[in-house]
Amino acid sequence: MPTSRRNFLISSVLLAPVRRLTAAAAPNMRFPTGARERLAVASWSFREHLDTAENRAQKTHGNLMALKDFPAMVAQRYNIHNVEILGQHMPSTSPAYLKELRAAVQRAGSHVVDLPAGGDASLYDPDQKKRAAAVEDGKKWIDVASALDCPSVRLNISGAKGVKPDVALTAEGLGAIAQYGASKNVVVNLENDDPEVEDAFFIVKVIDRVNSPWLRALPDFCNSMLKGDEKFNYDAVTAMFQRAYNIAHLKDSEVDNGKVYRVDLARTFAIAKASGFKGYYSAEFEGEGDAYAGVAKLIDAGLKYLS
C-alpha cells in the first residue's frame, strides 16, 4: 500500500471518533436576531380550532383546520414563519404523514422550532418497565422531530400515582433520552408546566443532575403563577431561563378553574435578557377570549420587547 494512502486511512480511523464526539458535544443552533424572526406560534393556541378527533367528537367548531394548514395560516395571518407543533395534534406519526407535514411547513416558508410531546408513562415510576417505556416514548418523539427537521422536543414529565416526583430516577431516564437526542442533533427541553409534577425547581434539579447540554429548560412565562405568588413565579422563571437554550413560551395570562392569572411581560422579558437567552419565543395563548386575537396580542408584545 502506498505510504500516502496508508497514512490517509490511519488518519481517517483516528480522527473519525473525534469528529463524532465534536458533533454531539453540544447543540450549536444559529438563532436569528430580528424581533419577528425570534417569534413562533404554538399549535396549542389553536387547540379548539384544529381538526382533531376530540374536536370532531365535540363539534366545537363548524370549520376545523387541518394541522398541515396551520403553518400557512400562521405565515399568512401573522407573518410569522416559526411554528411549534404539539405532537398530540398530529393525526399520525407515520413516515408518510410526517413527510407531508414537513412539505407543508416548507411550502409556507416556515420551520418547526420545537415539538412538545410526551406519553403517560412516568420516568420515576417504581416499576422499571414503565420507566423504560417512558424513555422509549421520549426517543420516539426525538425521531419525529428529526423527521420534521425540528431542532428540539419538549417532553412532559408524567406523574406516577401515589409517588412523589423523584429527581434521581427522572434524571436517569432523561440522561438516556438526552444522549439519544444528541445522536440525532435534537435538544430535549423540560417545561414548568404541571405545577404538581413539573415544578420549576424540580426541573432545575433534574437538569443540573443530568448536566448535559442536550437537556435544557423551556421557561413558560405564566405556568408557575398557578402554584405560588408573584415572587415564586419570577424566581421560577429566572431559574428556568438560566438553563434555557432555544425556546420559551410567551404568555401574558392563563385561566385556571375560572381564575385569571397574569404576568408582567416587561419584567419577564427583562429576566430572559439578563440570562442571555437568544432563542425563540413561542406565542402560546391560554387567556380569555378569541385565540386568533390573543395570539396577535402576544406577537405585538413580543415585537415590542424584542425590538
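The values are calculated or read from the model by the stated rules, or taken from the named source; none is laboratory data. None of the values given here were measured: they were computed from a predicted structure. All Cβ positions, even for glycine, are placed from backbone atoms using ideal geometry, and neighbour counts span all protein chains on display.
Somewhere in the stretch 110-118, is a residue touching a residue at least 24 places away in the same chain (Cβ under 8 Å) and out of contact with any strand residue (DSSP E or B) (no Cβ under 8 Å at 6 or more places or on another chain)? Within the stretch 110-118, not a single residue is touching a residue at least 24 places away in the same chain (Cβ under 8 Å) and out of contact with any strand residue (DSSP E or B) (no Cβ under 8 Å at 6 or more places or on another chain).
Only residues that are buried (at least 17 other Cβ atoms within 10 Å of the Cβ) and closer than 30 Å to Y78 by Cα were counted across the stretch 105-142, and they come to 13.
A single member of S146, S183, S152 is crowded, with 17+ Cβ neighbours inside 10 Å and touching a residue at least 60 places away in the same chain (Cβ under 8 Å), and it is S152.
May I ask you to say which residue of A57, A40 is modelled with pLDDT of 95 or more and either outside any helix (DSSP H, G or I) or more than 24 Å from N189 (Cβ to Cβ) (or both)?
Details: A57 fails: modelled with pLDDT of 95 or more.
None of the other options fit; the residue is A40.
Counting the residues of the stretch 74-99 that are closer than 20 Å to A35 by Cα and not hydroxyl-bearing (S, T, Y) gives 10. Taking the criterion of being assigned to a loop (DSSP other than H, G, I, E, B) and loosely packed, with under 14 Cβ neighbours inside 10 Å, the residues of the stretch 282-307 that qualify are E288, G289, D290, S307.
On the basis of being closer than 14 Å to S282 by Cα, surrounded by 19 or more Cβ atoms within 10 Å (Cβ to Cβ) and out of contact with any Pro (no Cβ under 9 Å at 6 or more places or on another chain), does V74 make the cut?
Numbers: closer than 14 Å to S282 by Cα: yes; surrounded by 19 or more Cβ atoms within 10 Å (Cβ to Cβ): yes; out of contact with any Pro (no Cβ under 9 Å at 6 or more places or on another chain): yes.
Considered against the rule, which asks whether it is closer than 14 Å to S282 by Cα, surrounded by 19 or more Cβ atoms within 10 Å (Cβ to Cβ) and out of contact with any Pro (no Cβ under 9 Å at 6 or more places or on another chain), V74 comes out as yes.
This table checks each residue for (1) closer than 24 Å to T170 by Cβ; (2) in contact with a Lys or Arg (Cβ under 6 Å, 6 or more places away or on another chain).
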residue	(1), (2)
E198	yes, no
N211	yes, no
A217	yes, yes
L265	no, no
S275	yes, no
G289	no, no
A293	no, no
K297	no, no
S307	no, no
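Taking the stretch 241-267 as the range and being under 23 Å from Y78 (Cα atoms), part of a helix (DSSP H, G or I) and within 21 Å of the chain's Cα centre (by Cα) as the test, only L265 passes. Any chance you could count how many residues in the stretch 186-197 are among the acidic types (D, E) and surrounded by 18 or more Cβ atoms within 10 Å (Cβ to Cβ)? Selection size over the stretch 186-197: 2. Considering only residues of the stretch 224-266 that are without any contact (Cβ under 8 Å) to a residue 40 or more places away in the chain and of a type in the set (D, E), which is surrounded by the fewest Cβ atoms within 10 Å (Cβ to Cβ)? That would be D229. Would you mind stating whether A272 is outside any strand (DSSP E or B) and in contact with a helix residue (DSSP H, G or I) (Cβ under 9 Å, 6 or more places away or on another chain)? The answer is yes for A272.
V163 falls short on exactly one of the conditions (1) in contact with a Ser or Thr (Cβ under 9 Å, 6 or more places away or on another chain); (2) of a type in the set (A, V, I, L, M); (3) surrounded by 24 or more Cβ atoms within 10 Å (Cβ to Cβ), and that condition is (3).
From the list V163, V188, the lone residue that is free of Cβ contacts under 8 Å to residues at least 60 places away in the same chain, touching a Phe, Trp or Tyr at 6+ places or on another chain (Cβ under 7 Å) and under 27 Å from S94 (Cα atoms) is V188. Can you tell me which residues in the stretch 198-223 are surrounded by fewer than 19 Cβ atoms within 10 Å (Cβ to Cβ) and among the charged types (D, E, K, R)? Answer for the stretch 198-223, where residues must be surrounded by fewer than 19 Cβ atoms within 10 Å (Cβ to Cβ) and among the charged types (D, E, K, R): K205, D208, R209.
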